[in-house]
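The values are calculated or read from the model by the stated rules, or taken from the named source; none is laboratory data. Because the structure is predicted, anything quoted here is derived from the model rather than measured. Note that each Cβ is placed from the backbone with ideal geometry, even for glycine, and that neighbours are counted across all protein chains shown. Surface accessibility is based on the protein's heavy atoms, side chains included, excluding ligands, DNA and RNA. Shrake-Rupley method; radii C 1.70, N 1.55, O 1.52, S 1.80 Å.
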Amino acid sequence: MHNLLLSYYGDDLTGSTDVMEALELGGVPTVLFMRQPDQPLLERFSHCRAMGLAGTSRSETPQWMDENLVPAFEWLRGLKAAVCHYKICSTFDSSPTIGSIGRAIEIGRGVFGQKAVPVVVGAPQLKRYTAFGNLFAAFRGDYFRIDRHPVMSRHPVTPMNEADLLLHLSRQTGLASGLVDLAALQADDLPQRVDQALQNRAIVLFDVESRQTQKRVGEQVWRMCEQGHGFVVGSSGVEYALLAEWADKGIAAGHVSFTPPGPVDRLAVVSGSVSPTTEKQIRFALAHGFDGVQTDAMQLVSEGAGDAIERAVASGLSSLAAGRSVILYTALGPQADRSAEIDHIEGARNRLGRALGTILRRLVATEKLKRAVIAGGDTSSHALGQLSIDALTVRMPLPQSPGSPLCLAHGGGEIDGLEIALKGGQVGTDAYFETIRLGS
């Protein structure tokens with residue numbers, strides 16, 4: 001591809017659309033592919049200056065990564081973009097056995113032949129901050145060190161029990177790591193300090209606790225990419241940092257605006273999230289005209305899942321046929337989390353996502369819906385795979401809920417042109433579902 005600024009692999013679907021939103025808002029046309037595209041599909045989006053590949057590595061084992069990330073990274077390397085970004089969640093939740101960021105860094109470092117890999121996690125736009133290597137995140141107006149965060153410290157799969165990100169990484173990889181901290185970012189000899197870190201360490205984490213330090217990090221990351229350190233790991237803070245540098249250099253257009261698509265009469269939502277944020281969003285929607293259909297997660301992953309899917313589809317179609325929006329959900333908050341039971345069944349989490357995707361596909365096809373939502377980061381990655389979507393582009397960014405844009409689906413049949421939002425568990429205001437329905 002010619003003049004490609006950035007390629008990326010998203011470790012889950014909501015993270016992948018988060019990157020796409022940031023780039024589009026910064027004036028970089030972007031497409032997200034659901035799988036490695038063939039040449040005709042690639043050429044269809046040849047106008048784009050950034051291309052992403054949606055993945056599921058956040059919920060996979062290191063063995064899975066060995067088998068799947070190597071060919072994905074090799075394909076991305078073949079695009080010859082100036083930057084290749086392995087996108088992780090801004091909460092850094094991972095473990096040695098699930099979603100290992102350390103293992104992904106090892107694989108990417110090998111494929112791209114880099115001695116050192118820059119890591120950028122802080123993103124003030126998302127209320128995520130790194131200070132002297134420690135990660136902090138907001139929750140409902142308050143700020144917490146990540147290991148004391150009311151939600152992420154209790155994540156059902158990868159609880160964050162360590163805020164020092166390099167210490168957290170040391171449990172996942174033996175690679176030597178270093179930090180470019182806030183003090184270094186204020187120093188006059190910052191480039192020399194960065195170069196020394198890159199020379200002596202295989203992983204180099206950059207602090208970001210403000211727009212000002214983010215801008216300095218963007219300058220250094222772009223300088224590193226120009227010097228051959230093009231493989232970068234981090235949250236969408238990577239894009240926000242680079243966009244500031246690209247705007248200064250005239251490489252990207254800077255902030256652009258989008259025309260809201262306006263309301264739809266009916267919206268279908270499926271949710272596999274156990275987050276208290278999603279719980280509040282569901283309750284808000286139910287209080288504002290949405291119908292709710294609670295579905296049993298265990299039934300959706302059991303041998304009799306077909307019957308449970310049919311019951312859920314019938315209930316959803318009943319609401320939609322009556323002209324009402326509907327939310328089909330497997331949990332209302334962490335108190336309804338059945339992870340302990342689900343995890344006794346091999347592959348059950350992925351199966352749950354696929355079941356919800358099957359339900360949504362049936363609702364969209366039967367009622368010819370124009371807009372839909374999938375809630376839950378892990379859910380989204382596996383659910384969207386059931387919709388036969390080839391690629392996504394941004395239809396409407398949501399600056400008030402960054403990281404969860406309304407997207408436009410490209411694919412076959414009734415799916416082509418579907419507007420769909422993928423929402424991570426912690427993302428969005430209470431009125432998120434109604435905001436998507438109103439399209440404004």
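Being at negative phi and touching a Pro at 6+ places or on another chain (Cβ under 7 Å) is true for just one of Glu74, Glu67, Glu43, Glu21. Which residue is that? Quick ask: steps written out before the conclusion?
Numbers: Glu74 fails: touching a Pro at 6+ places or on another chain (Cβ under 7 Å); Glu67 fails: touching a Pro at 6+ places or on another chain (Cβ under 7 Å); Glu43 fails: touching a Pro at 6+ places or on another chain (Cβ under 7 Å).
Checking each option against the conditions leaves just Glu21.
Residue by residue, here is whether (1) under 14 Å from the mean Cα position of the chain (by Cα); (2) in contact (Cβ under 8 Å) with a residue 24 or more places away in the chain; (3) more than 23 Å from Val31 (Cβ to Cβ) holds:
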residue: Glu346; (1), (2), (3): no, no, yes
residue: Arg351; (1), (2), (3): no, yes, yes
residue: Ala355; (1), (2), (3): no, yes, yes
residue: Glu367; (1), (2), (3): no, yes, yes
residue: Val373; (1), (2), (3): no, yes, no
residue: Gly376; (1), (2), (3): yes, yes, yes
residue: Ser401; (1), (2), (3): yes, yes, no
residue: Leu408; (1), (2), (3): no, no, no
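If you go through the stretch 31-70 and pick out every residue that is among the aromatic types (Phe, Trp, Tyr) and farther than 22 Å from Glu106 by Cα, you end up with 2.
Just wondering, is there one or more residues in the stretch 150-160 that are basic (Lys, Arg) and outside any loop (DSSP other than H, G, I, E, B)? Yes, some residue in the stretch 150-160 is basic (Lys, Arg) and outside any loop (DSSP other than H, G, I, E, B). Considering (1) free of Cβ contacts under 8 Å to residues at least 60 places away in the same chain; (2) closer than 22 Å to Ser210 by Cβ; (3) out of contact with any strand residue (DSSP E or B) (no Cβ under 6 Å at 6 or more places or on another chain), the lone condition that Met152 does not fulfil carries the number (1). Output the residues belonging to the stretch 18-63 that are in contact with an Asp or Glu (Cβ under 6 Å, 6 or more places away or on another chain), touching a residue at least 60 places away in the same chain (Cβ under 8 Å) and of a type in the set (Ser, Thr, Tyr). Matches in the stretch 18-63: Thr30, Ser59.
Could you please let me know if Arg58 is under 16 Å from the mean Cα position of the chain (by Cα) and basic (Lys, Arg)? Taking the combined requirement at face value, the residue satisfies it.
For the stretch 408-424, taking the residues that are in contact with a helix residue (DSSP H, G or I) (Cβ under 6 Å, 6 or more places away or on another chain) and surrounded by fewer than 24 Cβ atoms within 10 Å (Cβ to Cβ), the one that is modelled with the highest pLDDT is identified as Ala409.
For residues that are outside any helix (DSSP H, G or I), open to solvent by less than 20 Å² (accessible area, probe 1.4 Å) and either among the basic types (Lys, Arg) or over 22 Å from Ala241 (Cβ atoms) (or both), tally how many sit in the stretch 40-53. Outline the logic, then answer.
Residues of the stretch 40-53 that are outside any helix (DSSP H, G or I), as a first pass: 45-53.
If we keep only those that are open to solvent by less than 20 Å² (accessible area, probe 1.4 Å) too, we end up with 45, 48, 50-53.
From the residues that got through so far, the ones that are either among the basic types (Lys, Arg) or over 22 Å from Ala241 (Cβ atoms) (or both) too are 45.
Adding up the residues that qualify gives 1.
Just one of (1) open to solvent by 50 Å² or more (accessible area, probe 1.4 Å); (2) farther than 22 Å from Leu422 by Cα; (3) outside any helix (DSSP H, G or I) fails for Arg324. It is (2).
In the stretch 237-259, the residues that are at negative phi reach residues that are among the basic types (Lys, Arg) and in a helix (DSSP H, G or I) with C-beta atoms within less than 6 angstrom, at least six apart or across chains, in these pairs: Ala244/Lys215.
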